[in-house]
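Right, one structure below, let's go through it.
The values are calculated or read from the model by the stated rules, or taken from the named source; none is laboratory data. Please read these numbers as outputs of a predicted model, since none were measured by experiment. All Cβ positions, glycine included, derive from the backbone under ideal geometry; neighbour counts span all protein chains shown. We work out accessible area using only protein heavy atoms, side chains counted, and drop any ligands, DNA or RNA first. Shrake-Rupley method; radii C 1.70, N 1.55, O 1.52, S 1.80 Å.
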Amino acid sequence: MSTTGIPAPTTAPRQPRRPRLRLPGIGALFVSPYVLFVTAVFAVPLGYTIWISFHRFYFTAPGTDIDTPWVGLSNYQDVLTDPVVRRSFLNIAIFLVINVPLTVVLALVLASALNARLPFRSFFRAAYYLPYVTASVALVAVWQYLFGAEGLLNTLLGDLAPDPSWLVNSSLAMPVIAVFVTWKQLGFFVMLYLAALQSVPRELYESAAIDGAGRVRSFLSVTVPGVRHATTLVTVFAVITGANLFSEPYLLTGGGGPDHASSSPVLVMYQKGIEQAHPDFAAALGVVLVVFVVVLALVARKFTEKGAE
Amino acid sequence: MTGGGRPLRLAVLTVGAVAFLFPFYYMVIGSLGKVTTGDLDGAVPRPGNTTTGNYESINGAISLGRSLVNSGIFTMGVLLCTMVFGVLAGYALARLRFRGRGTLFAVLLLVQTVPFQLLMLPLYVLVVRDYGLGDSYLGMILPFAINSTAVFLFRQFFLQVPAAFFEAARIDGAGELRILWQVAIPMVRPALLSGALLTFIGPWNEFLWPFLVTKDADAQPLAVSLAGFMSNLQGTVANPTGALMAGACVLAVPAVVLFLLFQRHFTQTDIDSGTKG
């Protein structure tokens, strides 16, 4: 309800109008829907989740008033001592240990191979990107079919097939999920590395060649350091993906089985918060997870940037 | 990495392409089999064993048309909001001065690093319980309405347009909305297209949120109803794996086709020609 831009009728001599004066108004107007959106969908829920995590909270019908007493850190205590929660964080660790190196190596190899004038170059690029643009649910369905007890992979392996089979095997379920996610997202990182490779100066390769470096040596001492920022991004992205995992354990391994061996924190949030109606526990778990993501992302950054000097 | 090694490169790339494409091939073949099994026979198409019956059975089990309409409305709602409000915000962040611009940009970056899933519980309480938007399109769309990654991209695109274009338009007396519509958008149109594609695949492929919001099968988008079929309804059809593969194909095709149609726009940009002319 401000009156900016509409000068009130006065008898005072008019100030010379500066033409830029209207800009602040229009800029704020342009961003206002986005600001509202971020407030409603990000800031308020974030604040609300922190509030819930310190209270005893129940789902109620709209309009019903029910006591939500302050319970301090008790929800956090429950979260941190819960064996299923611990297992789900261990599972993210397993996920990261497999996903990060696999993504970095495969994406870098494929990007280096693509980084030249080649026939069918755009075909290869499109092929690598395909899983990235396709719905997880559709791809999970195919992987279930490939990795099922009577799936193609086991048929090919014959007697070498694991028993119990991949998705119901407590030591293999999580690695299969990590490989699935690597495969699904690899195309994105191939493109990221491809862009990074184009900014590595060609002279470095030439001087490496003059110094007698072979193909492998120049890959290790020119390419790998040259794309370090992309590697940081891969790591940070993997941490965020790991913290977000839900559809893969839920669908691929039937609700995070066997015996929570492929459960993820978000899956536990869903099961505890919504299925078992303990939203306060789930909110505290959410906060712990945010802290975990931020800390890991910072560590990943420190770790990969350190080698630069 | 210069010169040589071409056969090696091609060999590596081909092995990669097979690993990426095989599951898609397998999905299509599986969706067409009369009996879909995981043995070697299932991996090769055979004239005698081909049928479209799986598409009929998945349609019978989860009413494909209804799910597709729900997916379409959900996706279009997100796309529309992002293209209108996201372009406005991206333009303002790139080209206009206003109080709090720096803060808003910092928030934009923060929003992208905090995963949506972490906000799922309070959003569920607010949207479904407090606002009563369960099983509604609005409830589905709300958390994704303006894609922050797209806003960030739009900002980057508008930053790449040389300032001279905007100055010239302002001297000519054009208002900001007119500058945005007639100067800025035409210059970044190919880039906006890739922003739109990125925005499209998000809600189209999204599973968790619509899964939480929709309990009524008639309100579920395809990803959710297909997942429901995968976990509870497989017993209701004669060839469950085939039906599941058929549903997976229907879910995959729109995003894949759009990507293939528009992928050449990813690299193209009209900005250079604008400055050289």
For this session: Return the residue satisfying two criteria in turn: it lies in region A:221-242 and is among the aliphatic types (A, V, I, L, M) and within 24 Å of B:Leu208 (Cβ to Cβ), and of such residues it is nearest to the other protein chains (Cβ to nearest Cβ).
Result: A:Ile240
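Being more than 8 Å from every other protein chain (Cβ to nearest Cβ), in contact (Cβ under 8 Å) with a residue 12 or more places away in the chain and not in a helix (DSSP H, G or I) is true for just one of B:Leu109, B:Leu133. Which residue is that? Give the steps one after another, and end with the answer.
On the way: B:Leu109 fails: not in a helix (DSSP H, G or I).
So the residue among B:Leu109, B:Leu133 that is more than 8 Å from every other protein chain (Cβ to nearest Cβ), in contact (Cβ under 8 Å) with a residue 12 or more places away in the chain and not in a helix (DSSP H, G or I) is B:Leu133.
Condition check ((1) in contact (Cβ under 8 Å) with a residue 24 or more places away in the chain; (2) away from chain B (no Cβ under 12 Å); (3) not hydrophobic (A, V, I, L, M, F, W, C)) across all residues:
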{"site": "A:Asn244", "(1), (2), (3)": "no, no, yes"}
{"site": "A:Ala261", "(1), (2), (3)": "yes, yes, no"}
{"site": "A:Gln276", "(1), (2), (3)": "no, yes, yes"}
{"site": "A:Val291", "(1), (2), (3)": "no, no, no"}
Seminar exercise, completed: With criteria (1) more than 9 Å from every other protein chain (Cβ to nearest Cβ); (2) surrounded by fewer than 15 Cβ atoms within 10 Å (Cβ to Cβ); (3) more than 24 Å from the chain's Cα centre (by Cα), B:Tyr25 comes up short on (3)
For this session: Could you check how many residues of region B:202-229 are open to solvent by 20 Å² or more (accessible area, probe 1.4 Å) and without any contact (Cβ under 8 Å) to a residue 24 or more places away in the chain?
Result: 1
For this session: Kindly provide the set of residues from region B:57-80 that are without any contact (Cβ under 8 Å) to a residue 12 or more places away in the chain and open to solvent by less than 40 Å² (accessible area, probe 1.4 Å), ordered by number.
Result: B:Gly72
Seminar exercise, completed: Taking first residues from region B:164-187 that are within 11 Å of chain A (Cβ to nearest Cβ) and second residues anywhere that are open to solvent by less than 100 Å² (accessible area, probe 1.4 Å) and not β-branched (Val, Ile, Thr), the pairs with Cβ under 6 Å that are 6 or more apart or on different chains are B:Ile179/B:Ala169; B:Leu180/B:Tyr91
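Just for helices (runs of 4 or more DSSP H) wholly inside region A:129-200: which have at least 2 residues that are touching a residue at least 60 places away in the same chain (Cβ under 8 Å) and in contact with a strand residue (DSSP E or B) (Cβ under 7 Å, 6 or more places away or on another chain)?
Result: empty, no element qualifies.
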Seminar exercise, completed: With criteria (1) over 23 Å from A:Trp166 (Cα atoms); (2) surrounded by 24 or more Cβ atoms within 10 Å (Cβ to Cβ), A:Tyr250 comes up short on (1)
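Going by the conditions given, is A:Arg215 open to solvent by 50 Å² or more (accessible area, probe 1.4 Å) and facing chain B (nearest Cβ under 10 Å)? Full working, then the answer.
Details: open to solvent by 50 Å² or more (accessible area, probe 1.4 Å): yes; facing chain B (nearest Cβ under 10 Å): yes.
Yes, satisfied.
Does B:Asn54 qualify as being open to solvent by less than 40 Å² (accessible area, probe 1.4 Å) and either of a type outside the set (A, V, I, L, M) or part of a loop (DSSP other than H, G, I, E, B) (or both)? Please lay out each step first, then the result.
Values: open to solvent by less than 40 Å² (accessible area, probe 1.4 Å): yes; either of a type outside the set (A, V, I, L, M) or part of a loop (DSSP other than H, G, I, E, B) (or both): yes.
Against the criterion (open to solvent by less than 40 Å² (accessible area, probe 1.4 Å) and either of a type outside the set (A, V, I, L, M) or part of a loop (DSSP other than H, G, I, E, B) (or both)), B:Asn54 qualifies.
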Exercise. Do the conditions hold for A:Gly254, that is, is it within 12 Å of chain B (Cβ to nearest Cβ) and assigned to a loop (DSSP other than H, G, I, E, B)?
Worked result: yes
For this session: Go through the residues of region A:157-172 one by one and say whether even a single one is surrounded by fewer than 20 Cβ atoms within 10 Å (Cβ to Cβ) and either among the aromatic types (Phe, Trp, Tyr) or within 8 Å of chain B (Cβ to nearest Cβ) (or both).
Result: no
Seminar exercise, completed: Residue pairs qualifying under the 6 Å Cβ cut-off, at least six apart or on distinct chains, with the first in region B:24-43 being within 14 Å of B:Ala246 (Cα to Cα) and the second being surrounded by fewer than 19 Cβ atoms within 10 Å (Cβ to Cβ), are B:Ile29/B:Pro45; B:Leu32/B:Thr50; B:Gly33/B:Asn49; B:Lys34/B:Asn49; B:Lys34/B:Thr51
Exercise. Taking helices (runs of 4 or more DSSP H) that fall entirely within region B:168-254, which contain at least 2 residues that are touching a Leu at 6+ places or on another chain (Cβ under 7 Å)?
Worked result: B:185-205, B:222-228
Exercise. What's the number of the condition B:Gly139 fails, among (1) within 11 Å of another protein chain (Cβ to nearest Cβ); (2) under 19 Å from the mean Cα position of the chain (by Cα); (3) open to solvent by less than 50 Å² (accessible area, probe 1.4 Å)?
Worked result: (1)
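Can you name the helices (runs of 4 or more DSSP H) wholly within region A:35-124 that have at least 2 residues being at the interface with chain B (Cβ under 10 Å from one of its Cβ atoms) and surrounded by 13 or more Cβ atoms within 10 Å (Cβ to Cβ)? Spell out how you get there, then give the answer.
Working: elements: A:44-53, A:74-81, A:83-114.
Here the list reads A:44-53, A:83-114.
For the condition at the interface with chain A (Cβ under 8 Å from one of its Cβ atoms), part of a helix (DSSP H, G or I) and surrounded by fewer than 21 Cβ atoms within 10 Å (Cβ to Cβ), what is the one hit in B:Leu126, B:Leu88, B:Leu119? Show your work before the answer.
Details: B:Leu88 fails: surrounded by fewer than 21 Cβ atoms within 10 Å (Cβ to Cβ); B:Leu119 fails: surrounded by fewer than 21 Cβ atoms within 10 Å (Cβ to Cβ).
Result of the check over B:Leu126, B:Leu88, B:Leu119: B:Leu126.
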For this session: Output the number of the condition that B:Val35 fails; it satisfies all remaining conditions of (1) assigned to a helix (DSSP H, G or I); (2) open to solvent by 60 Å² or more (accessible area, probe 1.4 Å).
Result: (1)
For this session: Determine which single condition B:Ile146 fails, assuming it passes every other condition in (1) within 8 Å of chain A (Cβ to nearest Cβ); (2) in a helix (DSSP H, G or I); (3) in contact (Cβ under 8 Å) with a residue 60 or more places away in the chain.
Result: (2)
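Name the single residue that is most open to solvent (accessible area, probe 1.4 Å) among those in region A:264-274 being part of a helix (DSSP H, G or I) and either farther than 13 Å from A:Ser88 by Cβ or more than 7 Å from every other protein chain (Cβ to nearest Cβ) (or both).
If we take residues in region A:264-274 being part of a helix (DSSP H, G or I) and either farther than 13 Å from A:Ser88 by Cβ or more than 7 Å from every other protein chain (Cβ to nearest Cβ) (or both), then A:Lys272 is most open to solvent (accessible area, probe 1.4 Å).
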Exercise. Does region A:98-128 hold any residues that are of a type in the set (Val, Ile, Thr) and free of Cβ contacts under 8 Å to residues at least 60 places away in the same chain, and which are they?
Worked result: A:Val105, A:Val109
For this session: Take the residues in region B:76-121 that are aromatic (Phe, Trp, Tyr) and under 20 Å from the mean Cα position of the chain (by Cα), then tell me which one is modelled with the highest pLDDT.
Result: B:Phe85
